[in-house]
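Step one of this worksheet: look at the structure below.
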Amino acid sequence: MQVCKRDGRLLARPPALPAVDAHGRALRQKLMIYTSEATHHDGVPIHRALVRKLWDSHTVSGATVLRGIWGFHGDHKPHGDTLIQYGRQVPVTTIVVDRPEVIAACFPIIDEVTGTHGLVTSEMVPALLMLDGGARSGTTDLADYSF
């Protein structure tokens, strides 16, 4: 796992991975964007702005947002729902998994939306199996690639 951004500061772009390993097994890459539900980009929560911009770009095949209950990262104080509060401060994670070239193409969008907030990480996904109704694609064979 590589940390790409922290609090809006670009530390590294996601590593450029090949489409397949030496044995021809497909590689996928995952970006995880950690923010707070209360953090906004252009007046919209960052996770909503990310999903909208990624959808509008037609670059990635999907994104998922998970809402947490309580969390922290680095030197930031723990945050989440409390009994008495003015606004929701729960952590949210936006997840994008796709082919390495697609991740490279969508990263400028993620970089722009997380210009001042968020933690962005990248990692290789060694296997991907998708089940959609009766359709099955991918495999559980683990790809082998060191980066």
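Can you run down the residue pairs with Cβ atoms below 6 Å, 6 or more apart or on separate chains, where the first is in the stretch 128-146 and more than 15 Å from K30 (Cα to Cα) and the partner is open to solvent by 90 Å² or more (accessible area, probe 1.4 Å)?
These pairs meet every condition: S137/M130; G138/M130.
Just give me the residues in the stretch 98-127 being among the hydrophobic types (A, V, I, L, M, F, W, C) and open to solvent by less than 50 Å² (accessible area, probe 1.4 Å), in sequence order. Can you show your working first?
In the first step, residues of the stretch 98-127 are kept if they are among the hydrophobic types (A, V, I, L, M, F, W, C); the result is 102-107, 109-110, 113, 119-120, 124-125, 127.
Result: V102, I103, C106, F107, I109, I110, V113, L119, V120, M124, V125, A127.
Pull up the stretch 32-88, narrow it to residues that are among the hydroxyl-bearing types (S, T, Y) and closer than 17 Å to H117 by Cβ, then point me to the one that is modelled with the highest pLDDT. Explain how you work it out, then say what you get.
First pass over the stretch 32-88, keeping only residues among the hydroxyl-bearing types (S, T, Y): 34-36, 39, 57, 59, 61, 64, 82, 86.
So of that shortlist, the ones also closer than 17 Å to H117 by Cβ come out as 34-36, 39.
Details: Y34: 94, T35: 91, S36: 87, T39: 89.
Taking the candidates together, the pick is Y34.
Quick one: in the stretch 43-70, of everything that is free of Cβ contacts under 8 Å to residues at least 24 places away in the same chain and either part of a strand (DSSP E or B) or of a type in the set (A, V, I, L, M, F, W, C) (or both), which residue is surrounded by the fewest Cβ atoms within 10 Å (Cβ to Cβ)?
Result: I69.
From the residues in the stretch 1-42 that are closer than 17 Å to L54 by Cα and assigned to a loop (DSSP other than H, G, I, E, B), which one is least open to solvent (accessible area, probe 1.4 Å)? First the steps, then the outcome.
We begin by selecting, within the stretch 1-42, every residue closer than 17 Å to L54 by Cα; these are 14, 29-35, 40-42.
Then drop every residue that is not assigned to a loop (DSSP other than H, G, I, E, B), which leaves 14, 42.
On the way: P14: 25, D42: 129 Å².
Going through the qualifying residues, I end up with P14.
Being outside any helix (DSSP H, G or I) and more than 11 Å from the chain's Cα centre (by Cα) is the filter here; which residues of the stretch 89-113 pass it?
First, pick out the residues of the stretch 89-113 that are outside any helix (DSSP H, G or I): 89-99.
Those that are outside any helix (DSSP H, G or I) and more than 11 Å from the chain's Cα centre (by Cα): Q89, V90, P91, R99.
The values are calculated or read from the model by the stated rules, or taken from the named source; none is laboratory data. All values derive from a computational prediction rather than experimental measurement. Cβ sites come from the backbone with ideal geometry, for glycine too, and all protein chains shown count toward neighbours. Note: accessible area is taken over every heavy atom of the protein model, side chains too, but ligands, DNA and RNA are not part of it. Shrake-Rupley method; radii C 1.70, N 1.55, O 1.52, S 1.80 Å.
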